[in-house]
1. Give me a count of the residues in region 152-172 that are in contact (Cβ under 8 Å) with a residue 12 or more places away in the chain and away from ligand 2 (no atom under 16 Å from the Cβ).
2. Can you tell me which residue among LEU247, LEU276, LEU323 is over 22 Å from HIS120 (Cα atoms), modelled with pLDDT under 95 and crowded, with 17+ Cβ neighbours inside 10 Å?
3. Please go through region 238-247 and pick out each residue that is within 22 Å of ARG163 (Cβ to Cβ) and either small (Gly, Ala, Ser) or part of a helix (DSSP H, G or I) (or both).
4. Can you tell me which of THR193, THR174 is surrounded by fewer than 22 Cβ atoms within 10 Å (Cβ to Cβ), within 12 Å of ligand 1 (Cβ to nearest atom) and either over 23 Å from VAL217 (Cα atoms) or not aromatic (Phe, Trp, Tyr) (or both)?
5. Give the residue, chosen from GLY348, GLY377, that is at pLDDT below 95, over 23 Å from VAL251 (Cβ atoms) and of a type in the set (Gly, Ala, Ser).
6. Only residues in region 186-207 that are in contact (Cβ under 8 Å) with a residue 60 or more places away in the chain and farther than 14 Å from LEU289 by Cβ count as the first member; pair them with residues that are more than 10 Å from ligand 1 (Cβ to nearest atom) and charged (D, E, K, R), Cβ under 6 angstrom, at least 6 apart or cross-chain, and list the lot.
7. Does region 214-225 contain any residue that is outside any helix (DSSP H, G or I), in contact (Cβ under 8 Å) with a residue 12 or more places away in the chain and out of contact with any His (no Cβ under 7 Å at 6 or more places or on another chain)?
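The values are calculated or read from the model by the stated rules, or taken from the named source; none is laboratory data. Fair warning: this is a prediction, and the values are worked out from it, not measured in the lab. Note that each Cβ is placed from the backbone with ideal geometry, even for glycine, and that neighbours are counted across all protein chains shown.
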Amino acid sequence: MLNWDNPLGKRDKTKKINTLFDAYTQSDALNNTTTSRQESNIQASINAKKTAEQQANSNRINLDTITAKAATPTAATQNSVAPVKASDKRVVNGLADVNQLAPFKYPWAWEYFLNANKNHWTPLDIAMAQDVHDYQHTLSANEKHVYENVLAYLTTSDILAMRNIGLAVMEKMTAPELQIYQARQVYEEALHTWTYQHCIETIGLDQSEIYNRYRVVPAINAKIQLANKRLNSVMRHDIDLTKDDELNNFVMAYTFFAGIFEGCWFYNGFTPIFSLQRRGLMKGTSEQLQYIMRDEVMHASFGIRVVKQIIKENNVKLDPQALRDMWDESEAVERDYAHYILQEPLLGYSADDHIEQFRFIANRRANQLGFDEPFAGAKNRTPWLDEQANLRKEKNFFETTVTEYQTGGVLNWD
Ligand SMILES: [Fe+2]
Ligand SMILES: [Fe+2]
């Protein structure tokens, strides 16, 4: 069975199918090999430049002192002519110069950035004319309800995702290789918002009504408010991550956004529209969502890896009850959302299927995070959807116009 975490599909069918998560989280050896070459080249050029600068400007003001992140003088800033050491870097609360990319401590983060840039797409690349016809002449009232409300939820969510990573997370990272992928992620979240806007505009929906829907539909509002609560708890100027309780809260918030908001809600959030695609309807929109889904898999995977690194570096102990509550409250709002969106099943895909699928994916994310499964025994209710999504992905990325945007060689997501 194909796996949604491998949305591009594996070409080598003789190998056991791993998830995209596995590929990214278990390929340290490969990443280290690749990046150590890049690292030494970059480091050599930095060292040569530094030597030349020091000879020509023995009395110049030390730039490292100006650019060092630490507010108070430390051994690192006082001895600032010394090159940054990878071992000095930390995900948060680091004291190494944040304006020096190399040496890398987290070469895998750089690999995420390089991989994200191997493909570029815009919503204008995908034909939407048939979707306009489908919406106006073919969709039932129930199907229009699904389409509009899923878009209304997604478009608000992607703005929240952009604000989270760009305003609350990036500023707290103290290794530039992490920030650089997150900067790409900020762009991708904006691209996703453009995509929804393009769909809404092309179909001819009432924009102000769609964008306001999360305020007036309780089932959508509850999910947004749950995310807002997490975001607001870490988007404060007075936050101090050297304090255990603040760091713990930040880790919980990042876990929520990577593991649940992106890893479950986004990942599973496209399925109602994929159900329309399965009937041959709204295929342009579905193709747009497949591109978004690929990005979201990487966002969730990267975020989970960062969370695990923070936990390791700082010996963070998360409260098991707080984690249990996080899964439960996320499931509760997802349940209400599913019943609102899927008031009637679409090709047999019901609200109960959507909820069970949330639980199944939540277990997968918990395993990737190294936590206990929150919903033991949950079943995969959409294997047909996994297969369909993977087949379409392969076609999209290897045979259609998107490949024209590739830079840096052939795609290799493995
Ligand atoms: Fe997104
Ligand atoms: Fe995302």
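1. Residues in region 152-172 being in contact (Cβ under 8 Å) with a residue 12 or more places away in the chain and away from ligand 2 (no atom under 16 Å from the Cβ): 2 in total.
2. LEU276
3. GLU246, LEU247
4. Unique residue meeting the criteria: THR193.
5. Going through GLY348, GLY377 in turn, just one is at pLDDT below 95, over 23 Å from VAL251 (Cβ atoms) and of a type in the set (Gly, Ala, Ser): GLY348.
6. Cβ pairs passing all conditions: none.
7. Yes, region 214-225 contains a residue that is outside any helix (DSSP H, G or I), in contact (Cβ under 8 Å) with a residue 12 or more places away in the chain and out of contact with any His (no Cβ under 7 Å at 6 or more places or on another chain).
For (1) among the aliphatic types (A, V, I, L, M); (2) surrounded by fewer than 22 Cβ atoms within 10 Å (Cβ to Cβ); (3) in contact (Cβ under 8 Å) with a residue 40 or more places away in the chain, each residue gets a yes or a no:
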| site | (1), (2), (3) |
| --- | --- |
| GLU334 | no, no, yes |
| LEU346 | yes, no, yes |
| SER350 | no, yes, no |
| PHE360 | no, yes, no |
| ASN367 | no, yes, no |
| GLY370 | no, yes, yes |
